Amino acid sequence: MATRIDIAPLPAALAVLREVPGFLKRPAILTPIGLRSREGWAALGLLEAVHVAGLLLVVLPLISLWQKAMNLPLPDAFEQLPGGWLLPFTLLAAPIAEEALFRGWQTGRPRALWLLASALLLGAAVIFAEAFAPLVLTGLLLVLALVALAGWLRLRKRREVPARYRAAFPVVFWLAALLFAGVHLTNYPSVSALSLPLVLPQLWAGLLLGFTRQRIGLPAAMLQHAGANAATLLLVHLGG
């Protein structure tokens, strides 16, 4: 007897995929469908396929041509990693940390925005660490961590999105995607205006991952991010 293949989740997944152009034209806060359903996994699979196909077939070949035409340097960030850390960093640490930092808070819930503000303050304290005595810096980081935790506990049950944030979300979404792309210029040993097209892969990723985060959820965006990184590493490996 022939095996019956259940394709019920496919139409729903295709419907999700068709939402992408409209979402990018007018980003909006959505209710994620999550990964507890087959529809969620099917939609993630299609978005991953589009992400990787666009990356490998269009974006990376174009920037490779630009890189050679302008005689721009290759990225050297991964060369600074200790031996054996490339795969854990690119397939686990980077997807989790970058999605949490750039898209984890984009639901606009008060606790998420509070954690974002706390993370930015912690980051600023680390950047300007040399301005503080070691004991003062330790105390400051501890206080900031406790304030972040206290705020999260106080706000964890509040789900309403501030009206101003909801209205500003299209701008917030695009700024976050551009910032996500821009910080990856640090992957290169030298940067100029001609280097800007080199982060088109990250801009492409930031836009699609932003949609996935809103439409399916943060864990889905992390998985999609890891899958795209894996495909890129495989391409680099095959290309020598």
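Values computed for the structure shown
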item	result
Contacts under 8 angstrom Cβ, first residue in the stretch 94-109 being part of a helix (DSSP H, G or I), partner among the aromatic types (Phe, Trp, Tyr), 6 or more apart	GLU98/PHE180; PHE102/PHE180
Residue check, GLU130 in the same structural domain as GLY206 (by TED's automatic domain parsing) and either buried (at least 17 other Cβ atoms within 10 Å of the Cβ) or part of a helix (DSSP H, G or I) (or both)	no
Within the stretch 163-178, tally of residues that are surrounded by 13 or more Cβ atoms within 10 Å (Cβ to Cβ) and either closer than 30 Å to GLU130 by Cα or not charged (D, E, K, R) (or both)	10
Residue among VAL50, VAL16 that alone is assigned to a helix (DSSP H, G or I), touching an Asp or Glu at 6+ places or on another chain (Cβ under 9 Å) and surrounded by 12 or more Cβ atoms within 10 Å (Cβ to Cβ)	VAL16
ALA148 being touching a residue at least 24 places away in the same chain (Cβ under 8 Å) and touching a Ser or Thr at 6+ places or on another chain (Cβ under 7 Å)	yes
Number of the exception - ALA112 against (1) at pLDDT below 90; (2) in a helix (DSSP H, G or I)	(1)
Helices (runs of 4 or more DSSP H) wholly inside the stretch 134-240 containing at least 2 residues that are among the β-branched types (Val, Ile, Thr)	134-155, 163-183, 218-238
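The values are calculated or read from the model by the stated rules, or taken from the named source; none is laboratory data. Keep in mind that this is a model prediction, so the values were computed, not measured. As a convention, Cβ positions derive from the backbone with ideal geometry for all residues, glycine included, and neighbour counts pool all protein chains shown.
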